[in-house]
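Participant: Take this structure, written in structure tokens, and hold onto it; I'll ask about it next.
The values are calculated or read from the model by the stated rules, or taken from the named source; none is laboratory data. Only a predicted model underlies this, so the values are computations on that prediction, with no experimental measurement involved. Heads up, the Cβs are rebuilt from the backbone with ideal geometry, glycines too, and the neighbour counts pull from every protein chain shown.
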Amino acid sequence: MAYEAVIGLECHIQLNTRSKMFCGCPAEFGAAANSNVCPVCLGLPGALPVTNRAAVDAAVRLGLALGSAIRGESVFARKHYFYPDMPKNYQITQYDRPLCEGGALPVRLGETRRGFDLIRVHAEEDTGKSFHPERHGDRQVSRVDFNRAGVPLLELVTQPDFREPAECAAFLTTLRRLVRWLGISDGDMEKGQLRCDANVSIRPPGQPAFGTKTELKNLNSIKGVEKGLAAEIARQTRVVTGGGTIEQATLLYDADHDKLAIMRTKEHAHDYRYFPEPDLPLLRVDQAWVAAARADLPELPWDRAARFVARYGLPDYDAGLLCDQRELADYYEAVAARTDGKLASNWVMTEVLRVLKERGWSLADCSARVPAARLADLLERVLARALPGPLAKQVFAWMVDEPGDVDALLARHAVSVRSSDADLIPLVQAALDEHPGPVAQYLAGKTATLGFLVGQVMKKSGGQAVPQAVKELLEAELKKRASAG
Ligand SMILES: [Zn+2]
């Protein structure tokens, strides 16, 4: 019997604020171990936390982008558990009164778009990091780095709305794009800036009650999330079809070996002994703050993609791709404002993205060399049929490495373009004179021979003519010969 999977995600987003959540230590990645620490983030007696306003603002912005309700008064709470890399032995997080509640993330799944509902988004602090085991002579050594202890995190919890691992992967891809778009996190899963735990259970299709769930921890790539979930769904299905029962547990997925390991049986919520953090006041986010954050919110990626479809007539897929990064969407739109939007889209998606890929460049690297106006000039020449496509692509490649406008580049590379009617008419006439057979066929109504004739003229031009212009000149000339004959 086939089972249906029910999956919910808990995502942790590490914010890119300058300082930590409750102290002034730098929140940077990659500093020397235990160099970014102070009494607050080391949990020393008597140290008092102070909330980072920029981190709260990032949470408000994300909440608004997701359509969550922003709570005017939310509460930080202590979540108690022992972990060697958590110096206070509790984490400051939010519990029963989180900052953002509800909302949804619209995710593109193939040809459809679906909103995945959220339970909450709240602010909290990260733990430090343990490294183990290392061997020193005959001893096993574990090390701990507290630089990450206290770095601001947002925790986003979804409803158990996912049925397929691929939906979770699409959700995470969209979430990563959104946090980058908002500029609140770099969202790099390999660096732990975006982390994902998943709750998963199975049930016979049509059964309303959930099965017993297990939790997959620390999935550190989008591919890993998809593969880990598939492995766990397969494991649960094997257990249940073999007559066994699922035990509530926390599992680790080893993506390199595609293996699951049971880490521990799950703590229940009451084990954490949550209570309101006595060292912090209520977190107040007033209407003015929310209004300012809303006014400052950029046009969201899915809204922008929809606008590209409506305004420039792009296919959904192309618009989605251009809105993959805010910088790319900005660049595209700056080109499209100066020339044809569809042509601009084709060029940005092929030529520009190819250069980024081949050279390992950021969009800023490329646009510093080929600003939008320079690309638009080139595309205007293509539109005016003054440059054949392959030559235009060559000119773009020169633009990436050399200064100068289109004419200067053509002159520097000693390329003459034979694209004016005066250049082409003699070639057209010569081609027609040399191929009376296809001409007769064309005039007899077999218009498919036109392609052959276009090819002949292109060959005579040494590839420097624009095929569309050649086609039109041929048609005009053939029409003249038809009425003359
Ligand atoms: Zn600190």
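Participant: Wholly within region 379-440, which helices (runs of 4 or more DSSP H) include no fewer than the required count, namely at least 2 residues that are over 41 Å from the mean Cα position of the chain (by Cα) and hydrophobic (A, V, I, L, M, F, W, C)? Reasoning before the result, please.
Facilitator: Values: elements: 389-401, 406-412, 421-434.
In region 379-440, 421-434 are the helices (runs of 4 or more DSSP H) which contain 2 or more residues that are over 41 Å from the mean Cα position of the chain (by Cα) and hydrophobic (A, V, I, L, M, F, W, C).
Participant: Can you tell me which residues in region 390-438 are surrounded by 17 or more Cβ atoms within 10 Å (Cβ to Cβ), of a type in the set (Gly, Ala, Ser) and over 20 Å from residue 379 (Cα atoms)?
Facilitator: Once the filter is applied, which keeps residues that are surrounded by 17 or more Cβ atoms within 10 Å (Cβ to Cβ), of a type in the set (Gly, Ala, Ser) and over 20 Å from residue 379 (Cα atoms), region 390-438 yields only 431.
Participant: Specify which of the listed residues (33, 59, 54, 65) is closer than 25 Å to residue 275 by Cβ and of a type in the set (A, V, I, L, M). Outline the logic, then answer.
Facilitator: Details: 33 fails: closer than 25 Å to residue 275 by Cβ; 54 fails: closer than 25 Å to residue 275 by Cβ; 65 fails: closer than 25 Å to residue 275 by Cβ.
Of the residues listed, the single one that is closer than 25 Å to residue 275 by Cβ and of a type in the set (A, V, I, L, M) is 59.
Participant: If residue 18 satisfies every condition in (1) surrounded by 22 or more Cβ atoms within 10 Å (Cβ to Cβ); (2) more than 9 Å from the ligand (Cβ to nearest atom) but one, which is the exception?
Facilitator: Exception for residue 18: condition (1).
Participant: Here is a list: 99, 118. Which entry is in contact (Cβ under 8 Å) with a residue 24 or more places away in the chain and in contact with a helix residue (DSSP H, G or I) (Cβ under 8 Å, 6 or more places away or on another chain)? Break it down stepwise before answering.
Facilitator: On the way: 118 fails: in contact with a helix residue (DSSP H, G or I) (Cβ under 8 Å, 6 or more places away or on another chain).
Just a single option satisfies the conditions, and that option is 99.
Participant: Of all residues in region 159-184 being assigned to a helix (DSSP H, G or I) and aliphatic (A, V, I, L, M), which is farthest from residue 6 (Cα to Cα)? So that I can check it myself, show each step before the final result.
Facilitator: At the first step, the residues of region 159-184 found to be assigned to a helix (DSSP H, G or I) are 165-182.
From what's left, aliphatic (A, V, I, L, M): 166, 169-170, 172, 175, 178-179, 182.
On the way: 166: 13, 169: 15, 170: 16, 172: 17, 175: 20, 178: 24, 179: 25, 182: 30 Å.
Among them, the one singled out is 182.
Participant: Also, quick follow-up: Can you tell me which condition residue 57 does not meet? The list is (1) more than 12 Å from the ligand (Cβ to nearest atom); (2) buried (at least 16 other Cβ atoms within 10 Å of the Cβ); (3) part of a loop (DSSP other than H, G, I, E, B); (4) not hydrophobic (A, V, I, L, M, F, W, C), and all the others hold.
Facilitator: Tallying (1) more than 12 Å from the ligand (Cβ to nearest atom); (2) buried (at least 16 other Cβ atoms within 10 Å of the Cβ); (3) part of a loop (DSSP other than H, G, I, E, B); (4) not hydrophobic (A, V, I, L, M, F, W, C), residue 57 fails exactly one: (3).
Participant: If you check every pair at least six apart or on different chains, which have Cβ atoms under 6 Å apart with a residue in region 32-60 that is at negative phi first and a residue that is of a type in the set (Asp, Glu) and away from the ligand (no atom under 11 Å from the Cβ) second?
Facilitator: Taking only residues 6 or more apart or on different chains, the pairs are 33/145; 48/279; 49/279.
Participant: State which residue is modelled with the highest pLDDT when the search covers only region 312-323 and only residues that are surrounded by fewer than 16 Cβ atoms within 10 Å (Cβ to Cβ) and touching a helix residue (DSSP H, G or I) at 6+ places or on another chain (Cβ under 7 Å).
Facilitator: 313
Participant: Here's another thing I want to ask about it. Could you please give the count of residues in region 232-267 that are touching a residue at least 40 places away in the same chain (Cβ under 8 Å) and either in a loop (DSSP other than H, G, I, E, B) or outside the structural domain of residue 212 (by TED's automatic domain parsing) (or both)?
Facilitator: The qualifying residues number 3.
Participant: What's the number of the condition residue 156 fails, among (1) more than 29 Å from residue 294 (Cβ to Cβ); (2) part of a strand (DSSP E or B)?
Facilitator: Looking at each condition in turn, residue 156 falls short on (1).
Participant: Give region 452-467 a look and list any residue that's modelled with pLDDT under 80 and loosely packed, with under 14 Cβ neighbours inside 10 Å, or say none.
Facilitator: The answer is 463, and nothing else.
Participant: Among the candidates 75, 151, 107, which residue alone is touching a residue at least 60 places away in the same chain (Cβ under 8 Å), within 28 Å of residue 28 (Cβ to Cβ) and β-branched (Val, Ile, Thr)? Explain how you work it out, then say what you get.
Facilitator: Numbers: 75 fails: within 28 Å of residue 28 (Cβ to Cβ); 107 fails: within 28 Å of residue 28 (Cβ to Cβ).
Criteria check complete, one pass: 151.
Participant: Mind checking which pairs have a first residue in region 129-144 that is more than 24 Å from residue 28 (Cβ to Cβ) and a second that is among the acidic types (Asp, Glu) and surrounded by 10 or more Cβ atoms within 10 Å (Cβ to Cβ), Cβ under 6 Å, 6 or more apart or different chains?
Facilitator: Matching pairs, first to second residue: 141/134.
Participant: Would you mind telling me which numbered condition in (1) farther than 22 Å from residue 122 by Cα; (2) surrounded by 15 or more Cβ atoms within 10 Å (Cβ to Cβ) residue 153 fails?
Facilitator: Residue 153 satisfies all of (1) farther than 22 Å from residue 122 by Cα; (2) surrounded by 15 or more Cβ atoms within 10 Å (Cβ to Cβ) except (1).
Participant: Hey, can you tell me all the residues within region 444-458 that are part of a helix (DSSP H, G or I), of a type in the set (A, V, I, L, M) and over 14 Å from residue 477 (Cα atoms)? Don't jump to the end; show me each part of the working.
Facilitator: Quick first cut of region 444-458, residues part of a helix (DSSP H, G or I) only: 447-458.
With the extra rule that they be of a type in the set (A, V, I, L, M), the set shrinks to 448, 450, 453-454, 457-458.
Once the filter is applied, which keeps residues that are part of a helix (DSSP H, G or I), of a type in the set (A, V, I, L, M) and over 14 Å from residue 477 (Cα atoms), region 444-458 yields 448, 458.
Participant: Give 386, 337, 414, 422 a once-over and let me know the one that is among the aliphatic types (A, V, I, L, M) and modelled with pLDDT of 90 or more.
Facilitator: On the way: 386 fails: modelled with pLDDT of 90 or more; 414 fails: modelled with pLDDT of 90 or more; 422 fails: modelled with pLDDT of 90 or more.
Just one listed residue meets the conditions, 337.
Participant: Still on this model: Go through region 76-91 and give me each residue that's away from the ligand (no atom under 16 Å from the Cβ) and in contact with a Leu (Cβ under 6 Å, 6 or more places away or on another chain).
Facilitator: Passing the criteria: only 76.
Participant: Follow-up. Scanning for something under 27 Å from residue 33 (Cβ atoms), buried (at least 18 other Cβ atoms within 10 Å of the Cβ), modelled with pLDDT of 95 or more and within 16 Å of the ligand (Cβ to nearest atom), does region 172-180 turn up at least one residue?
Facilitator: Residues of region 172-180 under 27 Å from residue 33 (Cβ atoms): 179.
Adding the requirement that they be buried (at least 18 other Cβ atoms within 10 Å of the Cβ) leaves 179.
After this cut, where a residue has to be modelled with pLDDT of 95 or more as well, the list is 179.
Going one step further and asking which of them are within 16 Å of the ligand (Cβ to nearest atom), we end up with none.
Within region 172-180, not a single residue is under 27 Å from residue 33 (Cβ atoms), buried (at least 18 other Cβ atoms within 10 Å of the Cβ), modelled with pLDDT of 95 or more and within 16 Å of the ligand (Cβ to nearest atom).
Participant: What is the one condition in (1) out of contact with any Leu (no Cβ under 8 Å at 6 or more places or on another chain); (2) in a loop (DSSP other than H, G, I, E, B); (3) buried (at least 20 other Cβ atoms within 10 Å of the Cβ) that residue 361 does not satisfy?
Facilitator: (3)
Participant: Of everything in region 23-51, what is within 14 Å of the ligand (Cβ to nearest atom) and within 29 Å of the chain's Cα centre (by Cα)? Give them in sequence order.
Facilitator: Listed by number, the residues that qualify are 26, 27, 28, 31.
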